[in-house]
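Step one of this worksheet: look at the structure below.
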2 protein chains.
Amino acid sequence: MKCKMCGETAAVSLRSCHAGFCEKCYQIYFRRQVKRGIESRNLFSRDDRILAALSGGKDSLALALELVELGYNVTGLFIDLAIPGSSAKARGITEEFCRAHGLPLIVADLGREGLPIPEVKKLLRRPVCSMCGKIKRYYFNKIAVDGGFDCLATGHNLDDEVSRLFSNTLRWDKAYLSDQGPVLEACPGFARKAKPLWRLTEFETANYAFIRNIPCHSDPCPYSGGASFGVLKNVLQKLESGMPGKKLDFYLGFLDRGREAFAKEQESKADALAPCWECGAPTSSGDICGVCRAKRTLAERRA
Amino acid sequence: MKCKMCGETAAVSLRSCHAGFCEKCYQIYFRRQVKRGIESRNLFSRDDRILAALSGGKDSLALALELVELGYNVTGLFIDLAIPGSSAKARGITEEFCRAHGLPLIVADLGREGLPIPEVKKLLRRPVCSMCGKIKRYYFNKIAVDGGFDCLATGHNLDDEVSRLFSNTLRWDKAYLSDQGPVLEACPGFARKAKPLWRLTEFETANYAFIRNIPCHSDPCPYSGGASFGVLKNVLQKLESGMPGKKLDFYLGFLDRGREAFAKEQESKADALAPCWECGAPTSSGDICGVCRAKRTLAERRA
């Protein structure tokens, strides 16, 4: 197969584009998709101070590299989950990456915050994944708001977005469907959130990370066994393989036509939030938020 | 595996129910699902005159048998597509079935109507399936309206419904999403339509037809190669196998929560229809409907 752009031997073949690319042109293709993702949906501008959530994995480091090279004003944020044998490695890779690319880095250490994930895990009977995600999103938002950043950027790719959309659609969860998309506007207590890689699949990001030689942390989380997102990603992979390009079509159709049908759910969702009595973050609990509650329980157990 | 109801050896295993049934109890299960499908969504009542569309396949004959045994006032309708080697066989099976069960049968012969499907096929460059479906639905509706029937019943099962819902959702086709469901109310020019088997999968209907020894026409249509519904059915099968019961969940969630989000599309759809200048059936074409147009083109070619 030949490169669609220069005619040299292709290194990456993309069925959704019915085309192949050589390593050099693939980087041009990738950058175009990132730029189009940012500009077509007004994710942020060059005047914005952007906080990029970095896990040490391929998606977030690919995101950071693109934003730096595109000339955006970016600061990295790493959440140290304090998981033995995993977090230190991911943190080391992220710190090294930021040093190499001159990227300022903020580290939030859940051990020091009194919320190490292994201890949180012991509080729960179900898998820790959803609580861990909640805690991470809490710190992403808190650090973005407290630090006066204009936008929090995450490395979610098209597969992440489409899995989430598919999951929300299968449940017809109108509240979640009302605000899914590559950008979520700021509102009181919440930073603006953006997903610049939303047009690119996991396969495309992995190829980019490989070609750009990004040293990344690819070990699966030791606590992630049995999460149900796997079934949906497999199902969507089967759909994409039978109908190449369908994943992006489905997501674009949702943004352009579907989402507006759920718009009225937005108001009732915002109405239900009030500040947490402890940290002030918006919560629907009526008193203290789930993160402060976990922190308090762990402190009591230690005492 | 034991029968969930009587403890005898099970003949059918249903993962979505985490249960097995013996042949006798399976028929009780099946009938309960048909009754629940009809009664929970008010499809029709015992006072209604029902026209049941029969293709000679397992779904429509299973439907007819259940409606007859449940004591509904049913008339069968067979559309003879005039496809050599296929239509005569399906017609023979349907006629024999109706004789055996004392069911009155109306036959619409597309050859006599000037619309034999083999000739319609020659008019088109694309597969004839969508036009064939349009012609069948046209006659279903026309015969139900002209004959003063209260409801047209079809043998669509849960897989048919979920495939269609999934296809409409993947395209975010809000007009189609606004009126999908097991019952479509009558409106000027349109008969009420109902799908009493909507709670039962193809697998469940096939088991029922086998156990009830319904002699049915199961050869694939000679013209159906390459239809894209196959990919979606396979994808949904993979979803159901990873998450048993998810197909029915998805459909019920749509009926109970999702569909109302698309309700306002309904009005604009009805506004766009006017009677066909030739046959009077509602059409969005502005002059004559697609079926009359095909009929006219074929007549001109013959002349």
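Each reported figure results from applying straightforward, stated rules to the coordinates on display, with no laboratory input. Since the structure is predicted, the reported quantities are computational estimates derived from the model, not experimental observations. Here Cβ is always computed from backbone atoms with ideal geometry, including for glycine, and neighbour counts include all displayed protein chains.
A simple charge model with +1 on the Cβ of Lys and Arg, -1 on the Cβ of Asp and Glu and nothing else charged puts the dipole of chain B at about 600 debye relative to its Cα centre.
Of the DSSP beta bridges with both residues in the protein assembly as shown, give the percent that are antiparallel, rounding to the nearest 5. About 35 percent, rounded to the nearest 5. Distant-in-sequence amide contacts of A:ALA108, defined by a placed amide H-H separation under 5 Å and a gap of 5 or more residues or a different chain, comprise A:PHE78, A:ILE79, A:ASP80. Rounded to the nearest whole Hz, the Karplus-based 3J(HN,Hα) values (6.51 cos²θ - 1.76 cosθ + 1.60, θ = phi - 60°) of the stretch A:192-198 follow the sequence 5, 10, 9, 10, x, 8, 4, with x at glycine and proline. Relative to the globular-protein estimate of 2.2 N^0.38 Å, the Cα radius of gyration of chain B stands at 1.03. Distances between every pair of Cα atoms in the stretch A:29-184, grouped in 5 Å steps from 0 to the bin holding the largest one, split as 2, 8, 16, 20, 20, 17, 12, 5, 1, 0 percent.
Close amide H partners of B:CYS6, meaning residues 5 or more places away or on another chain with modelled amide H under 5 Å apart, are B:CYS22. On a 0 to 90 degree scale, rounded to 10, what angle separates helix A:58-69 from the longest Cα axis of chain A? Taking the Cα atoms of chain A, the angle to A:58-69 is about 70 degrees.
With the simple model of a label 7 Å out from the Cα in the direction of the Cβ, B:GLU260 to A:ARG36 spans 3.9 nm.
What is the magnitude of the charge dipole of the stretch A:65-119 about its Cα centre, with +1 placed on the Cβ of each Lys and Arg, -1 on the Cβ of each Asp and Glu, and no other charges, expressed in debye to the nearest 20?
Working: 4 positive and 8 negative charges, 20 e Å.
Taking the Cα centre of the stretch A:65-119 as origin, the dipole is about 100 debye.
Its Cα centre serving as origin, the protein assembly as shown has a Cβ charge dipole (Lys and Arg +1, Asp and Glu -1) of approximately 820 debye.
The length gained on full extension between A:ALA274 and A:ALA299, counted as 0.36 nm times the residue separation minus their Cα-Cα distance, comes to 6.6 nm.
Against the main long axis of the alpha-carbon atoms of chain A, helix A:23-40 sits at an angle near 50°.
Overall, the anisotropy analysis places the stretch B:159-203 in the oblate class: the square-rooted eigenvalues a ≥ b ≥ c of its C-alpha gyration tensor yield a/c not less than 1.5, with a/b not exceeding b/c.
The Cα atoms of the protein assembly as shown cover 82, 63, 43 Å along the three principal axes, with the biggest extent listed first. Specify the angular offset, from 0 to 90 degrees and rounded to the nearest 10, of the alpha carbon long axis of helix A:158-170 from the longest principal axis of the alpha carbons in chain A. With both axes taken from Cα atoms, the answer is about 60 degrees.
Using the Cβ-Cβ distance between A:SER224 and A:ARG112 with R0 = 25 Å, the FRET efficiency computed as 1/(1 + (r/R0)^6) comes to roughly 0.60. Projected over all directions and averaged, the alpha-carbon convex hull of the stretch B:85-172 occupies 8.2 nm².
Using R0 = 41 Å, the C-beta based FRET efficiency linking B:GLU23 and B:ARG126 works out to 0.40. Taking other C-beta atoms within 10 angstrom as a stand-in for reagent exposure, A:TYR208, B:TYR72, A:TYR139 fall in the order A:TYR139, B:TYR72, A:TYR208, fewest first. Pairs exceeding 26 Å between alpha-carbon atoms, taken from A:LYS121/A:LYS142; B:LYS193/B:LYS247; A:LYS58/B:LYS247; B:LYS136/B:LYS195; A:LYS195/B:LYS246: A:LYS58/B:LYS247; A:LYS195/B:LYS246.
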